[in-house]
1. If I filter segment 3-20 for residues that are in contact with a Pro (Cβ under 9 Å, 6 or more places away or on another chain) and at pLDDT 85 or above, do I get at least one hit?
2. Identify all residues within segment 86-99 that are closer than 18 Å to VAL30 by Cβ and surrounded by 11 or more Cβ atoms within 10 Å (Cβ to Cβ); write none if there are none.
3. From the list GLY47, GLY59, which residue is under 20 Å from ILE21 (Cβ atoms), part of a loop (DSSP other than H, G, I, E, B) and at pLDDT below 80?
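The values are calculated or read from the model by the stated rules, or taken from the named source; none is laboratory data. What you see is a predicted model, and the numbers here were worked out from it, not measured in a lab. Cβ sites come from the backbone with ideal geometry, for glycine too, and all protein chains shown count toward neighbours.
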Amino acid sequence: MRGTGAGPRPNYELFDFAETIFDVLESRVVDLVKKDEEKGLRVSFPGFPYLIVWSKPEGDFVAIEPWGGLSTCSDEGDVFEDKRGCLVAAPGETVVRGFEIKIL
């Protein structure tokens, strides 16, 4: 996995927990490329503040998920509107977010 900025290269230790949350991003584009090859995917996710990467330990896949908000963090209460990244649309307002996946 690579972004336009320097970043971690995934290995199985990255997936010791349920997922890895990237919340300080230099880019909103990430490539997942097969080792020693240029085959893979490019995920572009403008407008998303978080990138979640996960797999099962020793799994044969890696999931890349742009997220707009997070589940309850240990330093937060249970009020939905107060959660990190929570986007609240005003009455009558439409909010559209999208991401693109490109085969390399």
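1. Scanning segment 3-20, I find no residue that is in contact with a Pro (Cβ under 9 Å, 6 or more places away or on another chain) and at pLDDT 85 or above, so the answer is no.
2. ARG97, PHE99 - these are the residues of segment 86-99 that are closer than 18 Å to VAL30 by Cβ and surrounded by 11 or more Cβ atoms within 10 Å (Cβ to Cβ).
3. Exactly one residue qualifies, and that residue is GLY59.
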